[in-house]
Amino acid sequence: MVPSFVVTLVYLFKFHCKVSPRAEVDLNSFMKIGRGTRISSFVKVKANGPLRIGTEVSIGTNCFISADAGELSIGDYCMIGSNSSIVGNNYKYDSLDIPICLQEKTSKGITIGNNVWIGSGCVVLDGTHIGDGVIITPNSVVSTNIPENAIVQGNPANVVFTRR
């Protein structure tokens, strides 16, 4: 296991981004992080598949981000509030005679556009596409596609307003 301060230095010099030494960020070839991105303390980023984080992205304290076979892409100038989760995988559950955790894992991928604000405590699930300029209110669960410039809230997240 690579010490956290080494991971912080590698990302600082390789991508010109700031990763807190108290964050747990995978150090592998799947990761691409844009210049000026800030990853706060106690964030956990797992890249078991392609993960691209854009330029000037801010990821709040205690977030969890997981990419699997489907690509997880976060656009430029996004803000992700504290305690949010972005989970890029799921399990099949069709067979009743096999425990869910032993069934096939799936990964459709997640796309988050540019200039998106994800409020604190939100959950973004696999297969979701979030358009540019979207605002997701705190504690919302996003499991469907969200059009550009929408403001969404709830579980499941529904459009309550369109920015214009």
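Brief remarks on what is shown
- Probing with 1.4 Å while keeping every protein chain in the model, the per residue accessible area of the chain equals 53 Å².
- Simple spin-label estimate for Ser95 and Phe5 in nanometres, 7 Å along Cα-Cβ: 4.8
- For the chain, the Kirkwood radius over C-alpha pairs fed into Stokes-Einstein at 4 °C and 1.567 mPa s yields D = 81 µm² per second.
- Ranked by the mean number of other Cβ atoms within 10 Å per residue, highest first, peptides 147-154, 33-40 order as 33-40, 147-154.
- Comparing Tyr11, Tyr77, Tyr91 in a Gaussian network model of the chain where C-alpha atoms under 10 Å apart are linked, the largest mean-square fluctuation is found at Tyr91.
- Percentage relative contact order, region 1-106, counting C-alpha pairs under 8 Å, at least six apart: 18
- Computed over the chain with a Gaussian network model linking Cα atoms closer than 10 Å, the most mobile of Cys122, Cys63, Cys101 is Cys101.
- Euclidean distance of C-alpha centroids, region 120-160 and region 1-42, integer Å: 26
- Hits among lysines - C-alpha to C-alpha of Lys105 under 19 Å, sequence gap 8 or more where chains match: Lys46, Lys92
- The chain - percent of accessible surface contributed by carbon and sulfur, probe 1.4 Å: 55
- Label zone at Asn158, where the point sits 7 Å out along the Cα-to-Cβ direction: region 111-132 residues whose backbone N lies under 11 Å: none
The values are calculated or read from the model by the stated rules, or taken from the named source; none is laboratory data. This is a predicted model, so every value here is computed, not measured. Here Cβ is always computed from backbone atoms with ideal geometry, including for glycine, and neighbour counts include all displayed protein chains. These area figures cover heavy atoms from the full protein model, side chains too; ligands, DNA and RNA do not enter into them. Shrake-Rupley method; radii C 1.70, N 1.55, O 1.52, S 1.80 Å.
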